[in-house]
1. For the chain, just list the percent of Cα-Cα distances falling in each 10 Å bin from zero outward, please.
2. Could you list the GluC sites (Glu not before Pro) in region 1-104 that lie in coil according to DSSP, counting only those with at most 12 other Cβ atoms within 10 Å of their Cβ?
3. Hey, any idea what the orientation-averaged projected area of the convex hull of region 32-123's Cα atoms comes to, in nm²?
4. Which residues does a label at residue 128 reach in region 73-103, if reach means a backbone N under 20 Å from a point 7 Å past the Cα toward the Cβ?
5. Taking the alpha-carbon centroid of each part, what is the distance from region 243-307 to region 1-78 in angstrom?
6. With a 1.4 Å probe and every protein chain left in place, work out the accessible area per residue of region 98-142 in Å², rounded to a whole number.
7. Express the relative contact order of the chain as a whole percentage, based on alpha carbon pairs under 8 Å and six or more residues apart in sequence.
8. Which length gain, in nm to one decimal place, applies between residue 28 and residue 61 when the Cα-Cα distance is subtracted from 0.36 nm times their residue separation?
Amino acid sequence: MQKEKLIIIGSGPAGLTAAIYTARANLSPLVFEGMEPGGQLMGTSEIENFPGFPDGIVGPTLINNMRTQAQKFGAKTIFKEIDRVDFTNTQNLKVWSGEEEFQAESIILATGASARWLNLNKGEEKFLGKGYSACATCDGAFFREKVVGVVGGGDSACEEAIILSKFAKKVYILHRRDSLRASLPMQKKVFEDEKIEILWNKDVTNLKGSVLLEEVELTDTQTNEISSLNLNGLFMAIGHTPNTKFLEGQIDLNKWGFIEIKNDTRTNVPSVFVGGDVSDPKYQQAIVAAGSGCQAALDVQEYLRKH
Ligand code: NAP
């Protein structure tokens with residue numbers, strides 16, 4: 001089996017930036033893109049705050065450009081998901097995609113984070129793809145002239161609501177508190193959008209409908225009063241969970257499951273480095289992920305030079 005100098009797991013801005021830098025440094029990284037390559041940017045429409053694109057750029061185009069750039073310098077990218085790792089021998093790291101084993105001298109972990117769901121334990125999964133979604137950009141167009149809700153009070157919730165208001169006739173933001181945590185410019189856009197209404201102090205406590213989602217049960221977080229709201233669609237925007245299940249027991253994770261960073265982009269395993277949202281519960285921005293992918297690439301080069 002050929003042992004790679006570097007394996008990169010993840011193909012969002014962190015993984016692909018790491019791939020560009022390490023490919024240019026002649027490390028010929030092998031990039032595992034996963035089964036849903038590109039990460040969260042694939043579900044993003046116009047990105048207006050990624051420097052260098054004054055007219056904005058759509059997420060999938062940005063990702064495709066990054067991949068092409070990495071491949072141009074010799075990165076090998078494959079659409080396989082790594083589901084198991086063994087970091088016991090730090091000089092010979094092993095990873096598996098199903099039964100297929102790969103080995104490497106070093107690894108950059110850039111698996112990102114995934115949207116959180118309500119987890120009501122009341123069969124909510126039966127509405128997945130039938131009105132219950134975590135991606136307005138992907139599914140918004142199915143809700144033309146319909147009534148939809150967005151759960152959350154952060155930037156994501158506001159962004160989802162704004163995207164949905166282009167299609168839906170009415171958009172409710174369902175937020176558990178009495179103020180948004182979204183940035184002020186985002187709040188302003190929401191308040192100025194006539195189709196968007198915020199229902200304050202509301203938890204979604206049940207989803208109802210025969211086949212498609214038809215109604216949600218709301219519980220007032222101040223009074224415990226229960227009410228119902230007819231909705232055709234419900235979009236989740238309550239934060240993210242890091243994609244680290246496959247790393248449990250092999251690398252230090254914090255109590256929320258994010259990878260613990262020891263020093264710059266180093267982990268507790270000397271040959272394993274990290275970039276992007278998988279270790280970043282705070283900033284979660286594409287440009288920050290790209291920057292940390294670059295840092296991981298430079299740190300891995302230093303490691304390989306010394307070893
Ligand atoms: P976030 O800022 O952590 O907000 C999550 C929201 O969901 C909060 O309002 C929170 O309520 C609510 N929430 C959490 N768990 C909940 C639950 N179980 N039930 C009901 N509500 C729940 O997450 P985010 O909006 O995804 O943003 C993450 C990061 O990405 C932030 O740094 C944000 O600025 C950034 N971002 C930026 C943009 C942009 O600039 N265009 C777009 C999207 C995201 P509480 O407020 O009560 O805690």
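1. With 10 Å bins starting at 0, P(r) equals 6, 26, 29, 21, 13, 4, 0.
2. Those satisfying the criteria are 48, 99.
3. 9.3
4. 80-84, 98
5. Distance between centres, Cα-based: 16 Å.
6. 49
7. 21
8. Here the segment from residue 28 to residue 61 would lengthen by 9.6 nm.
The values are calculated or read from the model by the stated rules, or taken from the named source; none is laboratory data. Small disclaimer: the values here were computed from a predicted structure and weren't measured. Glycine also receives a Cβ, built like all others from the backbone with ideal geometry; neighbour counts cover every protein chain displayed. Each accessible area value is taken on the protein alone, full model and side chains, heavy atoms only, with ligands, DNA and RNA left out. Shrake-Rupley method; radii C 1.70, N 1.55, O 1.52, S 1.80 Å.
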